[in-house]
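Beneath this line is the structure, given in structure tokens, with notes to follow.
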Amino acid sequence: MRMSLSGLITLIVVAGVVLFAALGGYTYFQVRSLNVHMNEEYAAAAQQEIAQSVARVLSEERKRVQTIAAWDEARQQLGTSDYYDYWRTQRVSTLELPDYVVGVELYERGGNALAVDVDIPFTPTLRNRDQRPILVRERGRDYLLLSRAIAHPAEPDATLGFAVLALDLAEALVPPGGLRYAALDSRVTTLPEKARVASSEIANKVRYQVQRNDQIDQFQPLVEVAFVNVVAAMIILLLIIYFGITKLIGRPLRQLSGHIDGLRNEQSQSGGIGTPFVIGELEKVRRSFNEYQSRLEVVHRGLNRKNRRLWKLAHHDPLTGCLNRRAFEDDWKHILELASKSPAGVSLILLDCNHFKAINDTYGHNVGDEVLKGIASTVRKNLQRGDRLYRISSDEFAVIFVDVVRDQASDIAKMCLSSIQQHGFTHLGVREPVRISIGVAHSMSGEPADLKGLYRRANVAMFRAKRPTEPPLAIYTPDMEGSGAVALSSRAVSAVDEAIAHGQNICMNYQPVRRLSDRVLAYHEALVRLRVDDRLVAPEEFFLQVESRHLDAEFDNAVFAALLRDLERGLIPEGQGLSINMSGASVVASDLEERLEPFRRYLPRHSLLLEVTETTLISQLQLASEKLSRLRGRGFQIALDDFGSGYSSLRYLADMPVDVVKFDISLVHAMCEDTARGRMLQKLVGLLKEPGYKLVAEGVESDAIAAVTQQLGFDFGQGYLLGRPQELEPVTA
């Protein structure tokens, strides 16, 4: 039996296809059966999970509403509701209720609410006084209401009223670790508006979807790998048979034919015909072809290398692979020429790496180069094919869009910013975030006169984005003219920017100030620290940046907010004082009293001292004295910090609104020495005690210094002997 080469190859392919189809069909049937079975198990588990979650919520919230009903303050509100609004907004918050609890209301025995303005889901009249939980749907949300009778303290069987706890069912059903089998729908229940059902029906009313089956997701790739392996084995077998036949029969002819066709079509046939032919005439032709082709390839490779090198040198940045400034200027010139003939909208995006010089100085130029490469590659991924990215200066990039809508260019800029913010540079050793400022400018008319100023407008927008209080992406508007700003960079600058803009990185430490007579704690001095990636930034680093960039008042605002949070958390025990440092810019700021107003509600529980340096008062004595005098009238005390800088403050102290004088550590140590200077400073202490100033000695680091300062008449001491600065924990009852 004779068979042609094409017939033999066809028979092998058909056999392989039949075998593969049978194997694939069997595998598909098995995987589908397993998938159906496991999905059924997941559906049952999801239903049980919802029921358990409902039971958990009911159990936890019954205990919580019972706690509220047993609270003495709740009984007091039912007795007299004059301060009910305050109790509801302030005192209830001390119970540390979960976020999904939307409110707590009290109802009198007749079922009427104590509050005048009862919010959804509460009603002015308590409908359900049998104390069973109910599910309510109102205004597109599902609420679970739990009520509990408030018993009379003297007559346990008598009811004073009811406590009602309302919670958002959608948030309450999801435990801290999330649901494993069920996924809640956007509309949690099937209830219509204004519907109310008993707690026993809640689980049946919850709408959910079964989550993806992780077991199937894990098993499916294993099946696919096995299937691919089988297919690969079949293909390899077919290729072995195919190439074995073609090598023995058709290879010499195909090689010769391919070379002839390549030469005819002027296509490159690199490498020539490598295998010698058995037939001498064909071998002679093969050698001639190879020699001819080798000469042509040498010539072409040399020309291509030179052309590519020249073009890249002229138009590409060798570090990032982007187009360079020459390419940017050439393309911009071309756009201006086209605009004179056919105007079209043009958008320009400028991207700048904030504080890049500081990155180079801190981590070295090698790391800086890798940062630029990372920025370029990240931006390039967000551009479409044909968009051109330019590196126009050391750390500045640009993208030009022609004939696109302005929203499209702005959206691309936002995607670039988001991608760079998510791109990590920690593998390079860069600890602080690498921040990008982006400026976007549009010219919808496309007229040459308007395009000439487009780069300047984008640059103005970019510098607006560099400001710490501004978003990192700015789209040019005319009101930005003349308001550029130059940003600095370092780990400290990044920390300061985050603290001012978002209140992040701030870590308050508190150093005790004690009475020298009995070492009893009098008050704490609040000392600000900045923490970045679990590392503290030295105060001298970030205060230098704050002062050099004139951000003193803004930084004080961030510290004030942190102190208010600590006071609200109860870090400072009642009866203990707190000393707050203020910069000169804050003291003379027009809104100082407004910024300190939130602290006044803590004055009944804490004595609050405002510490200012003597240089602040002396430089603007009249204005500072007026403001501090008004603050003293509102209950604050004023402390003069670092007293004795050149002893200049002695001339002005009588006119200063000061209650406490803090001696600088250098003066304290000097007065403990038996020298003329020490004796003179000791006389100074007596001079200040006579008018009634309270005196604080800084730098009390030994018992000897404590004894001397106490003997001289100092009221308080501060130093490592009496306590180091540290973070405080909330005081528990």
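The values are calculated or read from the model by the stated rules, or taken from the named source; none is laboratory data. Note that the structure is predicted; figures quoted are calculated from it, not measured. Note that we place each Cβ from the backbone using ideal geometry, even for glycine, and neighbour counts take in every protein chain shown.
Here are the numbers for the structure shown:
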quantity	calculated
Conditions (1) surrounded by fewer than 17 Cβ atoms within 10 Å (Cβ to Cβ); (2) modelled with pLDDT of 90 or more; (3) within 23 Å of Ala474 (Cβ to Cβ); number of the one not met by Lys373	(3)
Unique match (being in the same structural domain as Leu145 (by TED's automatic domain parsing), within 32 Å of the chain's Cα centre (by Cα), surrounded by 11 or more Cβ atoms within 10 Å (Cβ to Cβ) and at pLDDT 70 or above) among Ala203, Ala172, Ala198	Ala172
Matching residues in segment 207-230 - criterion: being surrounded by 13 or more Cβ atoms within 10 Å (Cβ to Cβ), modelled with pLDDT of 70 or more and over 34 Å from the mean Cα position of the chain (by Cα)	Val230
Number of positions in segment 70-118 that are small (Gly, Ala, Ser) and out of contact with any helix residue (DSSP H, G or I) (no Cβ under 9 Å at 6 or more places or on another chain)	6
Residue that is surrounded by the fewest Cβ atoms within 10 Å (Cβ to Cβ) [pool: residues in segment 476-504 that are modelled with pLDDT of 50 or more and in a loop (DSSP other than H, G, I, E, B)]	Gly482
Test: residue in segment 717-729 that is of a type in the set (Ser, Thr, Tyr) and within 17 Å of His524 (Cα to Cα)	yes
Lone qualifier among Ser418, Ser437 - being more than 16 Å from Gly345 (Cα to Cα), among the hydroxyl-bearing types (Ser, Thr, Tyr) and part of a helix (DSSP H, G or I)	Ser418
Yes/no for Glu593 being at pLDDT 90 or above and either assigned by TED's automatic domain parsing to the domain that holds Gln682 or crowded, with 20+ Cβ neighbours inside 10 Å (or both)	yes
Boolean, Ser59 is loosely packed, with under 14 Cβ neighbours inside 10 Å, under 28 Å from Thr94 (Cβ atoms) and either touching a helix residue (DSSP H, G or I) at 6+ places or on another chain (Cβ under 6 Å) or of a type outside the set (Lys, Arg) (or both)	yes
Close pairs (6 angstrom Cβ cut-off, 6 or more residues apart or separate chains): on the phi < 0 side of the Ramachandran plot in segment 321-343, in a loop (DSSP other than H, G, I, E, B) anywhere	Leu323/Arg388; Asn324/Asp317; Arg325/Ile392; Phe328/Ile392; Ala339/Gly446; Pro343/Gly446; Pro343/Glu447
Residue that is farthest from Gln622 (Cα to Cα) [pool: residues in segment 667-680 that are part of a helix (DSSP H, G or I), without any contact (Cβ under 8 Å) to a residue 24 or more places away in the chain and out of contact with any Lys or Arg (no Cβ under 6 Å at 6 or more places or on another chain)]	Ala676
Failed criterion for Ile400 (all others in (1) closer than 24 Å to Val493 by Cβ; (2) out of contact with any Ser or Thr (no Cβ under 6 Å at 6 or more places or on another chain); (3) crowded, with 18+ Cβ neighbours inside 10 Å hold)	(1)
Cβ-Cβ under 9 Å pairs, at least 6 apart or on other chains, segment 144-160 side over 25 Å from Val102 (Cα atoms) and of a type in the set (Asp, Glu), far side surrounded by 15 or more Cβ atoms within 10 Å (Cβ to Cβ) and modelled with pLDDT of 85 or more	Asp157/Ala151
Which listed residue is surrounded by fewer than 21 Cβ atoms within 10 Å (Cβ to Cβ) and modelled with pLDDT of 90 or more, from Met415, Met444	Met415
Residue in segment 72-83 that is touching a Gly at 6+ places or on another chain (Cβ under 7 Å) and either in contact (Cβ under 8 Å) with a residue 12 or more places away in the chain or outside any helix (DSSP H, G or I) (or both) present	yes
Enumeration of residues in segment 337-355 that are assigned to a helix (DSSP H, G or I) and surrounded by 19 or more Cβ atoms within 10 Å (Cβ to Cβ)	Ala339
Counted residues, segment 698-718 - those being in a loop (DSSP other than H, G, I, E, B) and surrounded by 21 or more Cβ atoms within 10 Å (Cβ to Cβ)	2
Selection count where residues are at pLDDT below 85 and under 31 Å from the mean Cα position of the chain (by Cα), scope segment 143-168	0
